[in-house]
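Please read the structure below before turning to the comments.
The values are calculated or read from the model by the stated rules, or taken from the named source; none is laboratory data. Computed from a predicted model, the values in this text were never measured in an experiment. Please note: Cβ atoms are built from the backbone with ideal geometry, for glycine as well, and neighbour counts cover all protein chains shown. Just the protein is used for accessible areas: all its heavy atoms, side chains included, with ligands, DNA and RNA removed. Shrake-Rupley method; radii C 1.70, N 1.55, O 1.52, S 1.80 Å.
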2 protein chains.
Amino acid sequence: MEADKIPSLPGAADIAAAAARLAPYTVTTPLLFSSVADARLGFRLLIKAESLQRTGSFKFRGAMNALLSLDDETRKRGVVAYSSGNHAQGVAAAAQLLGVPAVIVMPADAPAIKTANTKAYGAEIVAYDRFTESREKIAEGIASTRGATLIPPFDDARVIAGQGTSGLELVRQAQAMGLPLDAVLAPCSGGGLVSGVALAVKSLSPDTAVYSAEPTTLDDMRRSLATGQRQANDPAARSICDSLLATSPGVLPFAIARLLLAGGLIAGDDETRRAMAVAFADYKLVLEPGGAVALAAALAMKESWRGKTVAVVASGGNVDREVFTEALARAAG
Amino acid sequence: MEADKIPSLPGAADIAAAAARLAPYTVTTPLLFSSVADARLGFRLLIKAESLQRTGSFKFRGAMNALLSLDDETRKRGVVAYSSGNHAQGVAAAAQLLGVPAVIVMPADAPAIKTANTKAYGAEIVAYDRFTESREKIAEGIASTRGATLIPPFDDARVIAGQGTSGLELVRQAQAMGLPLDAVLAPCSGGGLVSGVALAVKSLSPDTAVYSAEPTTLDDMRRSLATGQRQANDPAARSICDSLLATSPGVLPFAIARLLLAGGLIAGDDETRRAMAVAFADYKLVLEPGGAVALAAALAMKESWRGKTVAVVASGGNVDREVFTEALARAAG
């Protein structure tokens, strides 16, 4: 699929429609602040706590919007998704709420909490080896065999519009607090979240700069924005951010991102661990590594933000105890 | 002071007034749910996340309401408070917001995060030994020397009304979710929170049972309710709940509690650690031990709640990393 053949780029109206559709099901997550952290950092930092969303991440918004958009006949035949964990839980929970069968293709080495919760939401799990097998092909095979609908993790207008509702809430909450936003940062893997957030933010607050945030080793969106072409990550690259493993930006997300993003920011694994520690101590939030990468990128840039107001999306909190406590211990040095 | 000489018991109207007064300053904390936890527990569990309140605990609500109730002349002369940490931060932050000098009398062995944050909010700290010195006398001495106003941690109508605004939000949020509440549990030390919550809950939802929750070793409210007289804790009693160290229920809180509470519940330290682990894994919340005691008491009673809807106030999240990670490790067995 080429960028000039994109059938339907979602817009701000799709996000408003998704927000209305999702209202009975989603948590309006708080936009948190800490005057102690602000004084220490030298800028005002707001955290949109999507870790508190149903299923522990923003992914529920997109999955639920996609499922609510299916007609009854299609929905009845079930849904299929592939995911390292958060989209899995989002689709499984959405399917459970609507009484729809769900099959989720998950890496065999996904965090235990993500696999356990996906099962708890009633989904059937198919495991694969993420270094040797194609999750897309496995999922497409299941979809065609069963007549089920594939719910893509990010390259889908309904999913992007759903994820974007977090950005809509964020801007309205900042406005209610009387705080004009200089910048908004969102974690980026395939780009569904950051592109949806950018659509929402730019429609309501055009002067706010929106940035993607990625692990340093998985900076495909940053390089894609810099070159104007979708770039891929080195398949051998590793990161503690297990929820940000897409190999390149999605076609739709990148088409939106290149129009609306101010640039791509990055954070190393140690910076992400320190961000998890800041979220713990100053905001009382449990963040998974991938959920803390925008916070990490914002903290790394603190000299540039002096006196400004910056909001970050803390996109998820599904982290095993051992990973969390080790990150806090390493951050403490 | 005897119960029959109580000058002004706060009522539901005081809580409504406090809510209006506090609205520009407080966070409307979310009422969180987890369908995964509900399925495992056999009852619907809602968590009012006051750990996400400004200063990391509900205490800010009462402190700010008390400070806003002072006239300008009185306020200018400053405020004094004694606290093991959360009221300290609440008063310090409220004073800083209003440009008022604050002195806080804190135990020398208070958690490092609480002492550091109280300083960060601009307060002057006076340390004392909580096993040999009287914090009340030290605070009263400072108040009379400086002409400052003592802001009591719980035995004060303005403080109780302020804390009660968390209960008002809780009931309204549950109503908006279409969930009638069978029971509400709130942690109890001096009783300011649970009495304020009871006033709010009983005025809006009279059929909801409200319970105090205490560490097993510090069950003064439970025994006070059972005997109809204010009881004290053994001064030698210990608990991991460093924020629940009051030696007996306050006069005003107990006067309200004996009228409105259905009873007093308890939880042992290991149950509290397990509750912290549940809050971490299922709700992505960082809770301090004292903030998790109502959740612990609810989990301990799960057989009694089968099929019911129970809300707990998670009252604070100011916990040092070592205490938090050790609690999670011990809970995991």
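Restricting attention to the stretch A:12-26, which residues are more than 14 Å from chain B (Cβ to nearest Cβ) and of a type in the set (A, V, I, L, M, F, W, C)?
Keep residues of the stretch A:12-26 that are more than 14 Å from chain B (Cβ to nearest Cβ), which gives A:12-22.
Listed by number, the residues that qualify are A:Ala12, A:Ala13, A:Ile15, A:Ala16, A:Ala17, A:Ala18, A:Ala19, A:Ala20, A:Leu22.
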**OP:** Report, by residue number, each residue of the stretch B:267-290 that is under 15 Å from the mean Cα position of the chain (by Cα) and either surrounded by fewer than 24 Cβ atoms within 10 Å (Cβ to Cβ) or within 12 Å of another protein chain (Cβ to nearest Cβ) (or both).
**Re:** B:Leu287, B:Glu288
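The rows are residues; the columns are (1) open to solvent by 10 Å² or more (accessible area, probe 1.4 Å); (2) modelled with pLDDT under 95; (3) closer than 27 Å to A:Leu168 by Cβ; (4) more than 9 Å from every other protein chain (Cβ to nearest Cβ).
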{"residue": "A:Ala292", "(1), (2), (3), (4)": "no, no, yes, yes"}
{"residue": "A:Leu295", "(1), (2), (3), (4)": "no, no, yes, yes"}
{"residue": "A:Leu299", "(1), (2), (3), (4)": "yes, no, yes, yes"}
{"residue": "A:Glu303", "(1), (2), (3), (4)": "yes, yes, no, yes"}
{"residue": "A:Val310", "(1), (2), (3), (4)": "no, no, yes, yes"}
{"residue": "A:Gly316", "(1), (2), (3), (4)": "no, no, yes, no"}
{"residue": "A:Arg321", "(1), (2), (3), (4)": "yes, no, no, no"}
{"residue": "A:Phe324", "(1), (2), (3), (4)": "no, no, no, no"}
**OP:** Just name the residue that is nearest to A:Leu181 (Cα to Cα) out of those in the stretch A:20-64 that are of a type in the set (Ser, Thr, Tyr) and touching a strand residue (DSSP E or B) at 6+ places or on another chain (Cβ under 6 Å).
**Re:** A:Thr29
**OP:** Would you be able to say whether some residue in the stretch B:274-287 is of a type in the set (Lys, Arg) and in a helix (DSSP H, G or I)?
**Re:** yes
**OP:** Can you tell me which residue among B:Asp155, B:Asp182 is in contact with a helix residue (DSSP H, G or I) (Cβ under 9 Å, 6 or more places away or on another chain), closer than 21 Å to B:Ala13 by Cα and among the acidic types (Asp, Glu)?
**Re:** B:Asp155
**OP:** Please tell me if B:Gly178 is of a type in the set (Gly, Ala, Ser), modelled with pLDDT of 95 or more and either touching a strand residue (DSSP E or B) at 6+ places or on another chain (Cβ under 9 Å) or outside any loop (DSSP other than H, G, I, E, B) (or both).
**Re:** no
Original post:
Can you name the residue in the stretch A:137-169 that is touching a residue at least 24 places away in the same chain (Cβ under 8 Å), small (Gly, Ala, Ser) and open to solvent by 10 Å² or more (accessible area, probe 1.4 Å) and is also nearest to A:Ile47 (Cα to Cα) among such residues?
Top reply: A:Ala157
Original post:
Can B:Asp14 be described as touching a residue at least 60 places away in the same chain (Cβ under 8 Å) and of a type outside the set (Gly, Ala, Ser)?
Top reply: yes
Subject >> Residue check, B:Arg258 within 14 Å of chain A (Cβ to nearest Cβ) and either among the charged types (D, E, K, R) or in a loop (DSSP other than H, G, I, E, B) (or both) >> reply: no
**OP:** Considering every residue within the stretch B:83-94, establish whether at least one is open to solvent by 20 Å² or more (accessible area, probe 1.4 Å) and of a type outside the set (S, T, N, Q).
**Re:** no
Original post:
Pick from A:Ala110, A:Ala116: which is part of a helix (DSSP H, G or I) and either out of contact with any Pro (no Cβ under 6 Å at 6 or more places or on another chain) or at pLDDT 95 or above (or both)?
Top reply: A:Ala116
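Do the conditions hold for B:Ser134, that is, is it more than 14 Å from every other protein chain (Cβ to nearest Cβ), out of contact with any helix residue (DSSP H, G or I) (no Cβ under 7 Å at 6 or more places or on another chain) and buried (at least 20 other Cβ atoms within 10 Å of the Cβ)?
Working: more than 14 Å from every other protein chain (Cβ to nearest Cβ): yes; out of contact with any helix residue (DSSP H, G or I) (no Cβ under 7 Å at 6 or more places or on another chain): yes; buried (at least 20 other Cβ atoms within 10 Å of the Cβ): no.
No: the conditions fail for B:Ser134.
Give the residues of the stretch A:220-242 that are out of contact with any strand residue (DSSP E or B) (no Cβ under 6 Å at 6 or more places or on another chain) and surrounded by 17 or more Cβ atoms within 10 Å (Cβ to Cβ), sorted by residue number.
A:Asp220, A:Arg223, A:Ser224, A:Arg230, A:Gln231, A:Asn233, A:Ile240, A:Asp242
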Original post:
Does A:Ala139 count as at pLDDT below 95, out of contact with any Asp or Glu (no Cβ under 9 Å at 6 or more places or on another chain) and within 14 Å of chain B (Cβ to nearest Cβ)?
Top reply: no
**OP:** Could you run through the stretch A:86-107 and say how many residues are in a strand (DSSP E or B) and farther than 19 Å from A:Thr145 by Cα?
**Re:** 1
Original post:
Just one of the numbered conditions (1) hydrophobic (A, V, I, L, M, F, W, C); (2) outside any loop (DSSP other than H, G, I, E, B); (3) under 23 Å from A:Ala257 (Cβ atoms); (4) open to solvent by 20 Å² or more (accessible area, probe 1.4 Å) is not true of A:Leu9; which one?
Top reply: (2)
**OP:** Look at A:Leu9 and say whether it is touching a residue at least 12 places away in the same chain (Cβ under 8 Å), within 12 Å of chain B (Cβ to nearest Cβ), closer than 27 Å to A:Leu244 by Cα and hydrophobic (A, V, I, L, M, F, W, C).
**Re:** no
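Kindly indicate whether A:Glu271 is in a loop (DSSP other than H, G, I, E, B) and not hydroxyl-bearing (Ser, Thr, Tyr).
No; evaluated as a whole, the condition is false for this residue.
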Original post:
Regarding A:Leu185, is this residue among the hydrophobic types (A, V, I, L, M, F, W, C) and away from chain B (no Cβ under 14 Å)?
Top reply: yes
